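Everything on this sheet refers to the single structure shown next.
What follows draws every value from the coordinates through simple rules; no lab data is involved. As the structure is a prediction and not an experimental result, all values here were calculated from the model. Positions of Cβ are generated from backbone atoms using ideal geometry, with glycine treated the same way; all protein chains shown enter the neighbour counts.
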Amino acid sequence: MFESAFAEVAALLLAAALIGALALWLRQPLIIAFILVGILEGPAVLGWVTAADQIDLLAKIGIALLLFVVGLKLDLRLIRTLGPLAVVTGLGQMAFSSVVGYLTARAFGMGSVAALYVAAALAFSSTIIVVKLLSDKREIDALHGRTAVGILIVQDIVVIVLLLTLTAFGAGSEATGPWEGTAAILAKTAAFLTALGIAMRYLLPRLLHRLAASQELLVLFGIAWAVALAAGAEAMDFSKEVGAFLAGVSLASTPYREALGARLVSLRDFLLLFFFIDLGAGLDLGLLGAQVGVALVLSLSVLLGKPLIIMVILGAFGYRSRTGFLTGLSLAQISEFSLILAALGFGLGHIDAATTSVITLVGIITIALSTYLTLYAHPLYEHLGKWLTRFERQIPHPEETADDTGALQSPDVILFGLGRYGGEIARRLRDRGQDLLCVDFDPYVVAAGRKDGLNIRYGDAHDPELLAHLPLQRARWIISTAPEREVNLAFLSALRSHGYRGDVALRAEDAADAEALEAAGADLVLTPLRDGAKEAVDLLTTPRAKQAGKVR
């Protein structure tokens, strides 16, 4: 079809860009688009992918950089700070998903080894997708966002251990016996980790300090270090993935990890494109058709089972159903690591192409559907919340750091949401002598607000019991700083249903949101971006003599 590998790669990139644009329009992660490009241009459809060696090499470098960046973020000090909530919820969810996946795979006639791989694939959620979606929704710092990230850190640690274990099995299978293979792996592991520890203690800090004088050289060293350790690990019968991950861990405690991670993300995403294309190109559509039934059942267990078990565990800790629902829904997909595990298992000869196809198909289904579930999580909770309260314990919630004691009986203003914008509004209202009652559903924000001297209590604006116990009728203003249009519309409706007749101020992110909120009856619409830009322009266009006393 193409005269050179260069022309073939150019066609692949062009197709990836076009299908990626379609995926963006459909609000889908690019992972789905890239797998579909591989299927479309692979031997099963168009047959364009012939430069398999070149694409495979780029895919392996992409995986190495993925693991390197994960290792960079896994500061050993961070592991020590993981609380029992993230550890118990993460391990409990993985155990539940694995058991369900194993039993389902066995029920469909899979062998025990193949079922174990399916079980492992279902256990993990996608760090890249979850963080991206929560960041886009500005919920990465919310309680459910931080809880989800904590669970993902636990999962990342477990998946790395699993990769190392699979490597040991793969290497041990070629040894003369199980004991000899195990002893050889242990000796090589000790030698590898010892050498890495010496480098971390004596070599890397001094070397990075000198290289940091040039950002380009620092990034080049990071890539070289990741690929070199990946190659070294492969030479010692480990996997490239483990070597690249340990390369990242070795630099995670240095002051340069943030600069390295930020500059490598784009290169990592570009090279991972070839992994997903290669994965899609290797799929047999005939096998996919035969595996649709088991893939749908497994996908259903992920989409429903993960949120369910997370709500149960968080409910056992005393967290509200809303926190559990939003956390669980964001994790209702399998991970890119699940696909990497499947590819590794296929390469080691542990599983066949049919099992790899099942895991890939589950990935496509769950990633595609969970994206919409996460985007519309708040409206879904509005419809399902009354049935989800059974997952809550009938005790005071640990999200609450105090009860209503000390709340103002007649506040001038009730402010919901103390993020960066809401917190600034609260401080300025307090400085102007307003009697203020603040409400937030993030216990960390509540604790910080109390230390700052704010009158604040824990609460969820969508909890009808909370609104019923607040002094709504005595407040002149009620303010919501939530950025989502649907959340504010529901909040406004709830206030009116509780008989509040005072003034309501709601936040809008753009003109369309502002128009919708005004049409719904908001007395004042706050637009941080527009208002901030207006103030900035006013300062910039004011003669310097007049603004000299304003800007310092």
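Report the full-extension gain for the segment residue 390 to residue 421: residue separation times 0.36 nm, less the Cα-Cα distance, to one decimal in nm.
Gain on stretching residue 390 to residue 421: 7.8 nm.
Quick check for me: using +1 on Lys/Arg Cβ and -1 on Asp/Glu Cβ, what's the dipole size of the chain about its Cα centre, in debye to the nearest 20?
I would put it at about 1580 debye.
How far is helix 485-497 tilted off the main Cα axis of the chain, in degrees rounded to 10, range 0 to 90?
Compared with the principal axis, the helix lies near 40 degrees.
Scan the chain and report its longest stretch carrying no GluC sites (Glu not before Pro) that are both in a DSSP loop and have at most 14 other Cβ atoms within 10 Å.
Working: sites that count: 3, 174.
Answer - 175-552.
Using 7 Å Cα-to-Cβ label points, what is the residue 428/residue 138 separation (nm, one decimal)?
Label at residue 428, label at residue 138, 1.5 nm between them.
Can you work out the base-10 log of I(q)/I(0) for the chain at q = 0.07, 0.08, 0.13 1/Å, using the Debye formula on its C-alpha atoms alone?
Summing over Cα pairs of the chain leads to -0.49, -0.64, -1.34.
Counting only other residues whose beta carbon sits under 13 Å from that of residue 366, what net charge do I get with K and R as +1, D and E as -1? Kindly include the intermediate steps, with their values, before the conclusion.
Values: positive: 306; negative: 336.
Once all neighbours under 13 Å are counted, the net charge is 0.
Provide, for the chain, the number of lysine pairs with alpha carbons under 25 Å apart, each pair being eight or more places apart or on different chains.
16
Identify, among 444, 86, 14, the residue whose Cα sits farthest towards the positive end of the charge dipole of the chain, taking +1 on the Cβ of Lys and Arg and -1 on the Cβ of Asp and Glu, with the dipole about the Cα centre.
Towards the positive end, the residue furthest out is 444.
Return the FRET efficiency for the residue pair residue 14, residue 297: r is the Cβ-Cβ distance, R0 is 22 Å, and the value is rounded to the nearest 0.05. Could the numbers behind the result be given before it?
Numbers: r = 37 Å, r/R0 = 1.67.
Efficiency for this residue pair is about 0.05.
Multiply the residue separation of residue 234 and residue 382 by 0.36 nm, subtract the distance between their alpha-carbon atoms, and state the gained length in nm to one decimal.
Details: separation 148, 0.36 × 148 = 53.28 nm, distance 5.08 nm.
Difference between extended and current length: 48.2 nm.
Using only Cα atoms, tell me the angle between helix 336-348 and the longest principal axis of the chain; keep it within 0 to 90° and round to the nearest 10.
Long axis of 336-348 versus the principal axis of the chain: about 10 degrees.
Using a Förster distance of 35 angstrom, determine the FRET efficiency expected from the C-beta separation of residue 523 and residue 25, and round it to 0.05. The partial results should precede the final answer.
Working: r = 36 Å, r/R0 = 1.03.
The value I calculate is 0.45.
Among 38, 410, 299, which residue has its Cα positioned farthest towards the positive end of the charge dipole of the chain, with +1 placed on the Cβ of Lys and Arg, -1 on the Cβ of Asp and Glu, and the dipole taken about the Cα centre?
Value: 410.
Output the 0 to 90 degree angle, nearest 10, between the alpha-carbon long axis of helix 52-73 and the longest principal axis computed from the alpha carbons of the chain.
Roughly 50 degrees between the two axes.
Hey, fewest Cβ within 10 Å first, where do 203, 134 land in order?
Numbers: 203 11, 134 21.
Least crowded to most crowded, the residues run 203, 134.
Just subtract the alpha-carbon distance of residue 262 and residue 7 from 0.36 nm times their residue separation and send over the number in nm, one decimal.
Extending this stretch completely gives an extra 88.8 nm.
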